[in-house]
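The values are calculated or read from the model by the stated rules, or taken from the named source; none is laboratory data. Being a predicted model, the structure only gives us computed values, none of them experimental. Cβ sites come from the backbone with ideal geometry, for glycine too, and all protein chains shown count toward neighbours.
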Amino acid sequence: MTYLKIISATPGLTTQEEILKIVQEQATGITIKQLSKTLNRPVSMLQVCLKQLIFSKQIYSKQSKTGHSIIYYPIMKRK
């Protein structure tokens, strides 16, 4: 017989909130590989969160100069 244990979410920041915090701290930009290593989350999960953050205009992305990766930057709010 198989037993399933239902777990509840841990309190604290969501993955999307953690990503936003890290991107905002990195004014020079950050790659998805760096985010994955920092947060210990799979790239596929981060891609979903990053798309939502881009859509909500909290971050933006640009192709790197070498063209091998995408770099994510915070959107600086004007005061």
Taking only the range 2-54 into account, find how many residues are assigned to a loop (DSSP other than H, G, I, E, B), surrounded by fewer than 15 Cβ atoms within 10 Å (Cβ to Cβ) and touching a helix residue (DSSP H, G or I) at 6+ places or on another chain (Cβ under 9 Å).
4
Among residues belonging to the range 55-79 that are without any contact (Cβ under 8 Å) to a residue 24 or more places away in the chain and in a strand (DSSP E or B), point out the one that is surrounded by the fewest Cβ atoms within 10 Å (Cβ to Cβ).
63
Here's a check for you: in the range 21-45, which residue that is among the aliphatic types (A, V, I, L, M) and touching a Pro at 6+ places or on another chain (Cβ under 8 Å) is modelled with the lowest pLDDT?
27
Kindly provide the set of residues from the range 49-73 that are more than 12 Å from residue 23 (Cβ to Cβ) and among the aromatic types (Phe, Trp, Tyr), ordered by number.
55
